[in-house]
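Read through the structure below, which is laid out as structure tokens, and then see the notes.
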Amino acid sequence: MQYYKDLLDELERNEIVAMATLYHWDLPQPLQDVGGWLNDTVIEHFRDYADVCFKELGDKVRYHRTPTVNAVMLIPSILVLFMYCR
């Protein structure tokens, strides 16, 4: 967590506005190790993970993106890649 705090401090010193995203398809490794989204308890664990991130970094991050926004932005990219690879 200290790495991200230091990174956010450096961004602020350089007048760069941070935008945080918690990817729902890129789980922390410990959550992957217990089965990922196939394990019913992962939803609660991911909520706890998000809570820690917001508690620890929330005062340093002005903008947050939701997984829904990420998915909407990702789907066209996947379709283009799929069509290109065919």
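Values quoted throughout were computed directly from the atomic coordinates according to the rules given, and no laboratory measurement underlies them. Small disclaimer: the values here were computed from a predicted structure and weren't measured. Every residue, glycine among them, receives a Cβ derived from its backbone with ideal geometry; neighbour counts consider all protein chains shown.
Observations
- Filtering the stretch 14-65 to residues that are of a type in the set (D, E, K, R) and within 14 Å of Tyr4 (Cβ to Cβ) leaves Lys55, Glu56, Asp59, Lys60.
- Here Leu57, Leu27, Leu8, Leu31 are screened, and the one residue that is assigned to a loop (DSSP other than H, G, I, E, B) and surrounded by 12 or more Cβ atoms within 10 Å (Cβ to Cβ) is Leu27.
- Qualifying residue in the stretch 35-46 (condition: under 13 Å from the mean Cα position of the chain (by Cα) and either at positive phi or part of a helix (DSSP H, G or I) (or both)): yes
- Enumeration of residues in the stretch 34-54 that are surrounded by 13 or more Cβ atoms within 10 Å (Cβ to Cβ) and either among the hydroxyl-bearing types (Ser, Thr, Tyr) or touching a Phe, Trp or Tyr at 6+ places or on another chain (Cβ under 9 Å) (or both): Trp37, Phe46, Tyr49, Cys53
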